1. List the chymotrypsin sites (Phe, Trp or Tyr not before Pro) in region 347-402 that DSSP assigns to loop (not H, G, I, E or B) and whose Cβ has at most 15 other Cβ atoms within 10 Å. Which are they?
2. Return the Rg/Rh ratio of region 209-276 with Cα-based radii and a Kirkwood Rh.
3. Determine the distance separating the Cα centre of region 311-390 from the Cα centre of region 391-455; give it in Å without decimals.
4. Shape verdict for region 123-229, please, from the Cα gyration tensor: rounded (a/c under 1.5), prolate (a/b greater than b/c) or oblate.
5. Calculate, in nm to one decimal, what H346 and I162 gain on full extension: separation in residues at 0.36 nm each, minus their alpha carbon distance.
6. Pairs K49/K413; K317/K438; K75/K438; K49/K317; K12/K438: which exceed 32 Å Cα-Cα?
7. Classify region 310-392 as rounded, prolate or oblate from the Cα gyration tensor: take a ≥ b ≥ c as the square roots of its eigenvalues, call it rounded if a/c is under 1.5, otherwise prolate when a/b beats b/c and oblate if not.
8. Using the Cα atoms as the points, what is the convex hull volume per residue of region 398-455 in Å³?
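Every number in this text was worked out from the coordinates using simple rules, so none of it is lab data. Note that this is a predicted model, so its numbers are computed, not measured. Quick reminder, even Gly has a Cβ in these numbers, built from the backbone with ideal geometry, and neighbours come from all protein chains shown.
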Amino acid sequence: MAIKAADTRCGKTLYLDCQAGIAGDMLVAALLDLGGKPAVGRLTQMLEKLSLEGFSVAVTRVKKAGIDCCDFDVKLDAAHENHDHDMAYLHGLGDTSHDHDHDHDHDHDHDHDHDHHHAHRGLAQVEQVIDAAPLSERARGFARDAFRILARAEAKAHGLPIDQVHFHEVGAVDSIVDVLAAAFLIDDLDIERAIVPALTDGHRTIRCQHGVIPVPVPATLNICIAHSLPLASSSVEGELVTPTGAALVAALEPEFSLPERYAIRAVGLGAGKRSYERPSILRAMLIEELDAHVGAAACGPRPSLSAETQAPNCIVKLECDIDDCSPEVLAYAVERLREAGAREAHWLPIFCKKGRPAYQLQVIVEPSDVSRMEEIILSETTTIGIRRLQMERTCLPRAIEPVETPWGDVLVKTVRLPDGTRRTTPEYEACAAIARDKGVALQTVMDTVREAARNR
């Protein structure tokens, strides 16, 4: 998965129920609803520092079919308006109103309005905005992936090379804000795994800048084809799945099947803007698999510290002794295991019978990933058997937060210890980038960041 963290943090599983479609703003709103007011504040601070003009953002509560939802609204000035929310423009309707009432309980507006001429950005210009955004490397990588997926799909739809595509969907300010906000929140919520059973779209036609086109629109279809995303149809006349929404799902590299048994830890509801007979609500859920093989009882009661992180409290260690495999082959196997989602993979030097030097491969996985990881081990190493050990664990609550330094905001990981005290660790990649760019010793940068974290 593109969002997989490089460290061993306790990531969460995101389940997206897209029965009413998905768009960039709907995903952001649903994730904000999962994270609550603290997430709203952190996201607002990030958006205020973007190198973008011509927009403001409001986060509000709305009613959709009587259901309370979060609404994320990117408001564009006249130079940047793309008619995405204009039902009259989309369908030639007389009613341009949204199908919900706004209740401004926590309105967070920030204004970036400046006078300038409207210009469509291409992928290179969008990536410049991403590179300058105050995001973690993990979030920045996800945003790049999403826009490259979108750009490839639009390039194919228009019959142009990817570097020549300068068009509405990729370069639109609201699309950029939606993707960067989604990337920030996915990282902020520690999401490592995503499950999206299907994308439900409408039918008939929709109007765009190039004319009237069929639904699903070409870019959305191209994304679904390229990334094998399952589509489901509905009776709704109109577009429920936007290209930006499809690209964000593809960048998550989701699984398509829910586990047989799972517990729901949190629910977020994100409101869409378009008015259809079916309320446009995206449900985002944080779930924990209750694996039938391991069994809920085998793990016992959930440790209180792990409960605060919503982290699975059961893991499985896969282990095997190997005396006829080269270090290069083992290194490749471990690399594949980590890429496939192993929480950790390493090997230890041991001595086997007759004094032969050997290695013990140890892989830490979630119960649901056992079969998939064992296939990699058996195919990429010379072992002929694997031992399994079910284990419980405790994870400290943690958060990734920015702190102000002489070189700008730098991300730190903060964990809360059982006695209530906090321990802060600077993010290595962010500090290393500053050290290289500014010609400052890495230790000096890290010490400065730690001091800034203590004094905030």
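1. Here no chymotrypsin sites (Phe, Trp or Tyr not before Pro) fit, given the DSSP loop and packing criteria.
2. Radius of gyration over Kirkwood radius for region 209-276 works out to 1.01.
3. Cα centroid to Cα centroid, the span is 31 Å.
4. It is oblate, given that a/c is not under 1.5 and a/b is not larger than b/c.
5. In short, 62.3 nm is gained.
6. Those over the limit are K317/K438; K75/K438; K49/K317; K12/K438.
7. prolate
8. 69
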